[in-house]
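The values are calculated or read from the model by the stated rules, or taken from the named source; none is laboratory data. The shown structure was predicted, so the numbers you read here are calculated from the model rather than taken from an experiment. For neighbour counting, all protein chains shown are included, and Cβ atoms are generated from backbone atoms with ideal geometry for every residue, glycine included. Please note that ligands, DNA and RNA were not included when accessible areas were found on the heavy atoms of the full protein model with its side chains. Shrake-Rupley method; radii C 1.70, N 1.55, O 1.52, S 1.80 Å.
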Amino acid sequence: MNTKSIRNVDIIGDIHGCYDELILLLDKLGYKNQEGLYRHSDNRMLVFVGDLCDRGPKSLAVLELVKKLVEAKLAYHCPGNHDDKLLRWCQGRRVQVKHGLETTVEEIEKTEDPTGTRRWIEEYIKSLPLYLQFDQGELVVVHAGIRADMIGSNHKRLRDICLYGFPTGNLDKHGLPERDPVIKHYKGRALLVHGHTPVHQPLWEQNVINIDTGCVFGGELTCFRYPEKSFVAVKALKIYGESKRFQLK
Ligand code: MN
């Protein structure tokens, strides 16, 4: 799928099961619900930076909606580390059912046909590209990070870096894996938009923008509009989870 010819996009940060906030944000952005598909009158495309599931209350509803939009070619989605871990769980691989995955697993097990649910999630997440390029390559979207030389390559660390970014191998002051800022490793010319590490306000440094504003932790769900280069956000309706990385002020 060549997305490079697409220019007008609305990029949405980590949702983590915050379906109600997603619907509020789509409404605020001017998307109209037409028989379950959200369309914009200016032919804009939705882009999801990944981490649709885990921790929040409605991970399956988010996955179902985004899958439907992607299949209707109204949206693009590159997976986050949580989406990837859910995929591995669906495949029956050995993963730890914690850090929020337990909430998504519980939702799946409550469906009428858990095996069928696992199967469609597996097929869907497996089909996703690790990163996306728009506007003739002027805009790159990825969950956690990428290096400029990895774009268009099949570097052996591509997958890990797209999903997990740049862990330093050390622990931070909270005992969590420390992460290098993306700008330390990304030296490309294209604008790079990512999520993964919750911040209180969208963080724009050089040509790298982090739009994970910790909705599931009681922050906001943020959209970055391109080429306008503006932010639109809605506040979390509730605090659904806690993170040492994101403490409410
Ligand atoms: Mn996340």
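Out of the strands (runs of 3 or more DSSP E) lying entirely within region 1-91, which hold 3 or more residues that are over 23 Å from residue 163 (Cβ atoms)?
Because the criterion is at least 3 residues that are over 23 Å from residue 163 (Cβ atoms), the strands (runs of 3 or more DSSP E) in region 1-91 that meet it are 31-34, 37-40.
Looking only at region 49-77, filter to residues that are surrounded by fewer than 21 Cβ atoms within 10 Å (Cβ to Cβ) and among the acidic types (Asp, Glu); which one of those is farthest from residue 237 (Cα to Cα)?
Top of the filtered list is 71.
Being of a type in the set (Ser, Thr, Tyr), under 17 Å from the mean Cα position of the chain (by Cα) and part of a helix (DSSP H, G or I) is the filter here, so list the residues in region 92-145 that pass it.
Our first condition is that a residue be of a type in the set (Ser, Thr, Tyr); within region 92-145, this holds for 103-104, 111, 115, 117, 124, 127, 131.
Next cut, under 17 Å from the mean Cα position of the chain (by Cα) only: 104, 124, 127, 131.
Hits for region 92-145 are 104, 124.
Take the residues in region 1-28 that are among the charged types (D, E, K, R) and closer than 16 Å to residue 132 by Cβ, then tell me which one is surrounded by the most Cβ atoms within 10 Å (Cβ to Cβ). Full working, then the answer.
If we filter region 1-28 for residues that are among the charged types (D, E, K, R), which is where we start, we get 4, 7, 10, 14, 20-21, 27-28.
Then drop every residue that is not closer than 16 Å to residue 132 by Cβ, which leaves 4, 7, 10, 14.
Values: 4: 14, 7: 14, 10: 22, 14: 32.
Looking at the filtered set, the residue picked out is 14.
Could you tell me which of the residues 176, 203 is loosely packed, with under 13 Cβ neighbours inside 10 Å and either within 16 Å of the ligand (Cβ to nearest atom) or touching a residue at least 40 places away in the same chain (Cβ under 8 Å) (or both)? Working first, answer last.
Numbers: 203 fails: loosely packed, with under 13 Cβ neighbours inside 10 Å.
Going through 176, 203 in turn, just one is loosely packed, with under 13 Cβ neighbours inside 10 Å and either within 16 Å of the ligand (Cβ to nearest atom) or touching a residue at least 40 places away in the same chain (Cβ under 8 Å) (or both): 176.
Could you list all residues from region 50-69 that are within 16 Å of the ligand (Cβ to nearest atom) and touching a strand residue (DSSP E or B) at 6+ places or on another chain (Cβ under 6 Å)? Even if it seems obvious, please write down each step before you answer.
Initially, region 50-69 is screened for residues within 16 Å of the ligand (Cβ to nearest atom), giving 50-59, 62-63, 66.
66 - this is the single residue of region 50-69 that is within 16 Å of the ligand (Cβ to nearest atom) and touching a strand residue (DSSP E or B) at 6+ places or on another chain (Cβ under 6 Å).
Here is a list: 116, 100, 80. Which entry is out of contact with any Leu (no Cβ under 9 Å at 6 or more places or on another chain), open to solvent by less than 40 Å² (accessible area, probe 1.4 Å) and within 16 Å of residue 54 (Cα to Cα)? Give the derivation first.
Details: 116 fails: within 16 Å of residue 54 (Cα to Cα); 80 fails: out of contact with any Leu (no Cβ under 9 Å at 6 or more places or on another chain).
Testing whether each residue is out of contact with any Leu (no Cβ under 9 Å at 6 or more places or on another chain), open to solvent by less than 40 Å² (accessible area, probe 1.4 Å) and within 16 Å of residue 54 (Cα to Cα) leaves just 100.
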